[in-house]
Each structure stands twice: as C-alpha cells, then as structure tokens.
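Structure first, then comments.
The values are calculated or read from the model by the stated rules, or taken from the named source; none is laboratory data. It should be emphasised that the depicted structure is a prediction, and the values quoted were computed from it without experimental measurement. Quick reminder, even Gly has a Cβ in these numbers, built from the backbone with ideal geometry, and neighbours come from all protein chains shown.
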Amino acid sequence: MKTSKGFTIIELLVVIAIIAVLAAVVLVNVTQYIAKGKDASIKANMANMVTIAASWYDNPAHTGYLGLDGDATYAAGITGIDSANGTGTVLDEIVAVTGSAWCLESDLNDGTDWCVDSTGYKGVTADCDATGDCAAD
C-alpha cells in the first residue's frame, strides 16, 4: 500500500480557478465603489461651489457673480471637481450682462451630468445654459 502526501495537480488547479473567480468578482465591485466615491466627491465639491459663489455675490465689492471665475477659491474648487471626474469637463456659466445668475455643471463617472446654480438647485440636468439656470432643464 502506497501512501503519498500532498495535492494532486487537479486539486491545485481547482483552487486556483476558485481564487481567480473570487478575485474577478471583488475587482468589479471595487472599481464600482471607487467610481461612486468619486461621484460623491464631485457632488460635495459642487455643493461647496454654491457656498463660494454665494459669499462672492454677497460681497459689496463685487457686481453680482461677475469675476467669480477669477477667484482663487473658486478655481481650486474647479480643480478638485476636474480631478475627481477624470474628464476635465466642468462647464460654468455666468450671465455676463448683469452677473445675476451662475451655473456649474460637471460630468459624473456614471455618465450623468450634475448641476448646481445660483438658485440653490443641486441635481441631475440636461444642460447648464447661458441663462445661468440648470433647474429648469
């Protein structure tokens, strides 16, 4: 009677195949969680942009939202949004004649467009237009 110790090649291949399947499932879920985390970051940064724009507007030294896009804090917020969405696509619109309205739109990693504007709207939109209003879209 022969006694041998160890695993057969078939047993080892089955274990490797099971580990590969589990790793593939985990990898798909991890990439989805990363994209959702980046989308949450974009939304949070854009909510902060509403606060930045409101404080700019309330400053008596400024004429409405005119010049907001030249503000260093505003520019830093845009950079944060750009780095999270990975596309570098952030569209902002300031009504040029009076500076009375402001709108900011960014692509999310899930393919939708997220918009915030001077009315306080925060949500999915079709377009951030030149009227500075994304809530109506």
Checklist entry - Given the structure, is Asn59 surrounded by 13 or more Cβ atoms within 10 Å (Cβ to Cβ), out of contact with any Cys (no Cβ under 7 Å at 6 or more places or on another chain) and either more than 17 Å from Asn109 (Cβ to Cβ) or not hydrophobic (A, V, I, L, M, F, W, C) (or both)? => result no
Next on the checklist: of a type in the set (A, V, I, L, M) and within 24 Å of Asp82 (Cα to Cα): which single residue out of Ile10, Ile52, Ile18 fits that description?
Outcome noted: Ile52
Checklist outcome for this item: Counted residues in region 116-128 being within 23 Å of Asp58 (Cα to Cα) and either modelled with pLDDT under 70 or among the small types (Gly, Ala, Ser) (or both) come to 2
Checklist entry - If you go through region 7-24 one residue at a time, do you hit one that is of a type in the set (Val, Ile, Thr) and within 30 Å of Cys103 (Cβ to Cβ)? => result no
Item to check | Considering residues of region 81-101 that are closer than 26 Å to Gly111 by Cβ and surrounded by 16 or more Cβ atoms within 10 Å (Cβ to Cβ) only, the residue modelled with the highest pLDDT | outcome: Ile81
Checklist entry - Is there a residue being loosely packed, with under 13 Cβ neighbours inside 10 Å and either of a type outside the set (Gly, Ala, Ser) or touching a residue at least 40 places away in the same chain (Cβ under 8 Å) (or both) anywhere in region 65-77? => result no
Checklist entry - For region 25-72, what are the residues that are among the polar types (S, T, N, Q) and under 18 Å from the mean Cα position of the chain (by Cα)? => result Thr31, Gln32, Ser41, Asn45, Asn48, Thr51
Item to check | Candidates Val50, Val30 - the one that is surrounded by fewer than 17 Cβ atoms within 10 Å (Cβ to Cβ), modelled with pLDDT of 85 or more and in a helix (DSSP H, G or I) | outcome: Val30
Next on the checklist: Just to be sure I understand, how many residues within region 102-115 are charged (D, E, K, R) and either over 21 Å from Tyr65 (Cβ atoms) or modelled with pLDDT of 85 or more (or both)?
Outcome noted: 2
